[in-house]
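Here's the structure, in structure tokens; my notes come after.
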Amino acid sequence: MKNHESRPARGSILGESGDEHSTADAVRSMFSAVAPRYDFLNHFLSLGTDILWRGAAARSMQSILQRPGSVVADLCCGTGDLALELSRHSAGTVVGTDFCHPMLVRARAKGSSAPNVHFAEADSLRLPFADASLDGVTIAFGFRNLANYQKGLEEMLRVLRPHGRAAILEFSRVHWPVLGPAFRFYFRQVLPLIGRWISSVPGAYQYLPESVARFPDQESLAAALRSTGFTKVGYRNFTGGAAALHFGEKL
Ligand SMILES: C[S@@+](CC[C@H](N)C(=O)[O-])C[C@H]1O[C@@H](n2cnc3c(N)ncnc32)[C@H](O)[C@@H]1O
């Protein structure tokens, strides 16, 4: 996969390069540390646009969610915002999965009154779902943190039924000619300072722009979906490309 900078984008830049276990441990520790302030910082640093992006991601799954009995998994669900948004549109069941316990504790508390959403501790690279068992799979701002992007795509494809749909919401490359530099200044210089100040976690909000800079751009991620075997692949930019929603189907 091509990325924004020269480093190969095999997976998250945390941990020791090439060691998936150390990357997963580093990612889990980072999110355990930021979990108490995660929701507040998400909405504050994005001025609430993250809520709109997740809403659009959930609506993109509507045709699947509305089928009675449908099962959709939201991978790397964190504190559960997308899983809960999906459950509002669902005539079936939504399962949120994450491997970071403190994030899941918050997701479960937020979802306690929603009867059709469940949360489970699971690694997105080794999902506890049978082959071809899900109607849909989503992942919001989690894919970039996987230790191995290719394995992540293969696992998503494995668990989908034929005609099942995958949606990946992730930060991407901004295309605004004028506002792009201002956005990049904010994202790379201002956001890490505010994030560090409010979360008291050194590095976590420095990792955010650094990991986005090394993440595959819109076209490269779409190409990776196609080469993994997804069909009807496409993407939609949000806020000038600050985030992009990629989607694809299983044949
Ligand atoms: C930036 S948060 C996104 C949370 C949520 N989806 C959202 O939209 O706010 C990334 C999440 O991915 C989870 N994560 C990263 N790698 C994972 C993996 N291999 N398996 C399960 N969860 C993972 C982290 O624990 C964290 O909760």
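With Cα atoms as the point set, segment 90-223 shows a radius of gyration and Dmax of 17.1, 47 Å. With a ≥ b ≥ c taken as the square roots of the eigenvalues of the C-alpha gyration tensor of segment 140-193, please select rounded if a/c is under 1.5 and otherwise prolate if a/b is larger than b/c or oblate if it is not? Judged from the Cα gyration tensor, segment 140-193 comes out prolate (a/c at least 1.5, a/b above b/c).
Only aspartates and glutamates eight or more places from K151 in sequence, or on another chain, were considered; those with a Cα closer than 12 Å are E20, D123.
With only alpha-carbon pairs counted, each pair once and no self-pairs, how large is the Kirkwood hydrodynamic radius of segment 171-251 in angstroms? Write out the running numbers ahead of the final one.
Numbers: mean 1/r = 0.0715 Å⁻¹.
Over segment 171-251, the inverse of the mean reciprocal pair distance is 14.0 Å.
The mean accessible area for residues of the chain, using a 1.4 Å probe and ignoring ligands and nucleic acids, is 44 Å² per residue. Between T138 and A73, D74, L75, A167, the built amide H atoms are under 5 Å apart, and every one of these is 5 or more places off in sequence or on another chain. Computed log10 I(q)/I(0) for the chain at 0.08 Å⁻¹: -0.27, from the Debye equation with unit scatterers placed on every C-alpha and solvent omitted.
The calculated Kirkwood hydrodynamic radius for segment 36-112 is 12.8 Å, given to one decimal from all distinct C-alpha pairs. With all pairs of separate Cα atoms included, segment 15-68 yields a Kirkwood hydrodynamic radius of 13.9 Å. Across segment 219-233, coupling constants 3J(HN,Hα) worked out from phi with the 6.51/-1.76/1.60 Karplus curve, θ = phi - 60°, read 5, 5, 5, 4, 5, 5, 4, 5, 5, 6, x, 6, 10, 6, 7 Hz, and Gly and Pro carry x.
DSSP bridge analysis restricted to the chain gives an antiparallel fraction near 40%, rounded to the nearest 5.
Assuming a viscosity of 0.890 mPa s and a temperature of 25 °C, what translational diffusion coefficient in µm² per second does Stokes-Einstein assign to segment 48-162, Rh being the Kirkwood radius over Cα pairs?
Details: Rh = 13.9 Å.
Using the Kirkwood radius from Cα pairs, D works out to 177 µm²/s.
Using a cutoff of 8 angstrom between alpha carbon atoms and counting only pairs six or more residues apart, the relative contact order for the chain works out to 22 percent. Straight distance only, please: which aspartates and glutamates reach the Cα of K110 with their own Cα at less than 13 Å, same-chain residues fewer than 8 apart left out? Result set, ordered by chain and number: D39, D81, E85.
The values are calculated or read from the model by the stated rules, or taken from the named source; none is laboratory data. Because the structure is predicted, anything quoted here is derived from the model rather than measured. Side chains are part of the model used for accessible areas, which takes the heavy atoms of the whole protein and leaves out ligands, DNA and RNA. Shrake-Rupley method; radii C 1.70, N 1.55, O 1.52, S 1.80 Å.
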